[in-house]
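Quick one: this structure, given as structure tokens, is what I'll be asking you about.
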Amino acid sequence: MRQKVVLAGGSGFIGTYLKEKLEELNYEVIIISRRKPAITWNDQAGMVKALDNAEMVINLAGKSVNCRYNEKNKQEIITSRVGTTRLLGDAIQKCSNPPKLWINSSTATIYRHAEDRPMTETNGEYGNGFSVEVAKKWERAFFSFDLENTRQVALRISIVLGPGGGVITPYKNLVKFGLGGIQGNGQQMFSWIHVEDLLQIILFLKERKDLDGVFNCSSPNPIQNYVLMNALRQQLHRPYGLPAPRPLLELGAAVIKTETELILKSRWVTPERLLHAGYQFHFPTIKGALANIF
């Protein structure tokens, strides 16, 4: 009998990749999402049935933060994370044989803007602002459930790179059109992870029943923005790219209805707990990750 995995919020770039790879590994994958034919969030009976006897549930649900932080979008960002987490927890509590493992997304954005040192699970300092508060509420909702038979892991995921979508598409387009220079002053740290490592970390944690709590889900080799842009230009054979200073980024962000924080915040995050547990990254360097993606 195949092991069952429930993938909540499984319709996006990451969820699509995980579903395909897990099915290749002979897991039965059941999707919870906003729209049918998936099980929908207002169908608690359907969620309980899916979660019962599941090997694990992976929650990726959340409205994209690639938008302007107006009040409407802020509320949707919070509800799509905190609300879905609570719905899953409530459904797990109603299971007669609940999932052995509940992995919930969180975000590496929970840490402060860091140019002085890396943030680990043990010494990382929380930042301020809307995105940090979202992360805190998200994790509080997750760990508010005291589940006797379900191990809980929160993944503080950094920016995910991979083939077929995600942030790699707009970066690729910038470079192709000659705009692949530094962004801001180019010194801000860029913490990232290849989507294949995200999958392998989930499988690693599934087997390591001694591990729970919070894990930074990020490559052990974060880089500065200018290193990222140089690596992208090399991979795409573009020797030069126009830089984008902060005022230009702010103007552009307003035009395309997003926030400059996504580019200018210095995210310096390292996966201390995963490394100590013995996880070995498949794509530890940006050069190897980009070579695989392109």
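Pull out the extension gain between T40 and K100, defined as 0.36 nm times the separation in residues minus the alpha carbon to alpha carbon distance; nm, one decimal.
Between T40 and K100, full extension yields an extra 19.4 nm.
So what's the gap between the Cα centers of the range 90-158 and the range 259-291, to the nearest angstrom?
Cα centres, the range 90-158 to the range 259-291: 17 Å.
What is the list of residues in the range 161-194 whose amide nitrogen lies under 17 Å from a point 7 angstrom out from the Cα of L236, following Cα to Cβ?
It comes to 161-184, nothing else.
While we're looking at this one, here's another question. Using Cα centres only, tell me the gap between the range 181-214 and the range 34-53 in whole Å.
28
Name the long-range amide H neighbours of A8: under 5 Å, sequence gap of 5 or more, or other chain; modelled H, no Pro or chain starts.
Residues meeting the criterion, in which the H sits 1.01 Å from N, are I32, I58, N59, L60.
For the chain, with only Lys/Arg (+1) and Asp/Glu (-1) charged at the beta-carbon, what is the dipole magnitude about the Cα centre, in debye rounded to 20?
Magnitude of the dipole: close to 660 debye.
Give me a comma-separated list of calculated 3J(HN,Hα) values for the range 214-229, in order, Karplus coefficients 6.51, -1.76, 1.60 applied at θ = phi - 60°, integers in Hz, x for any Gly or Pro.
Coupling constants for the range 214-229: 9, 10, 6, 10, 7, 4, x, 10, x, 9, 7, 4, 5, 5, 4, 5 Hz.
Strictly over 28 Å apart at the Cα level, which of K74/K100; K137/K287; K176/K287; K36/K100; K19/K287 would you flag in this model?
K74/K100; K137/K287
Run through the range 36-91 and list the trypsin sites (Lys or Arg not before Pro) located in a DSSP loop whose Cβ has at most 13 other Cβ atoms within 10 Å.
Numbers: sites: K49, K63, R68, K72, K74, R81, R86; in loops: K63, R68.
Of the trypsin sites (Lys or Arg not before Pro), the ones in loops of the range 36-91 whose Cβ has at most 13 other Cβ atoms within 10 Å are R68.
Relative to 2.2 N^0.38 Å, what does the C-alpha radius of gyration of the range 4-293 come to as a ratio? Two decimals please.
Normalised Rg, Cα atoms only: 1.00.
Full extension from E148 to E55: what is 0.36 nm times the residue separation minus their Cα-Cα distance, to one decimal in nm?
32.0 nm
Please turn the phi angles of the range 171-179 into ³J(HN,Hα) values with the Karplus equation 6.51 cos²θ - 1.76 cosθ + 1.60 (θ = phi - 60°), one per residue in order, whole Hz, x for glycine and proline.
5, 4, 5, 4, 5, 4, 9, x, 10
Loop-only GluC sites (Glu not before Pro) in the range 59-127, please: DSSP not H, G, I, E or B, and at most 13 other Cβ atoms within 10 Å.
Loop-located and lightly packed - E115, E125.
Would you compute, from DSSP H runs of 4+ residues alone, the mean residue ellipticity of the chain at 222 nm, taking -39500 (n - 2.57) per run and dividing by the full residue count, rounded to the nearest 500?
Counting only the DSSP helices, I get -11000 deg cm²/dmol.
Based on DSSP, what percent of beta bridges with both residues in the range 4-293 are antiparallel, to the nearest 5?
10
Between L25 and K287, what length in nm is gained on full extension when 0.36 nm per residue of separation is reduced by their alpha carbon distance?
Length difference between fully extended and current span is 91.6 nm.
Between T169 and E250, what FRET efficiency comes out of the Förster formula 1/(1 + (r/R0)^6) with R0 = 22 Å and r the beta carbon distance, rounded to 0.05?
0.50
Each value in this text was obtained by applying a stated rule to the coordinates, not by laboratory testing. This is a predicted model, so every value here is computed, not measured. Heads up, the Cβs are rebuilt from the backbone with ideal geometry, glycines too, and the neighbour counts pull from every protein chain shown.
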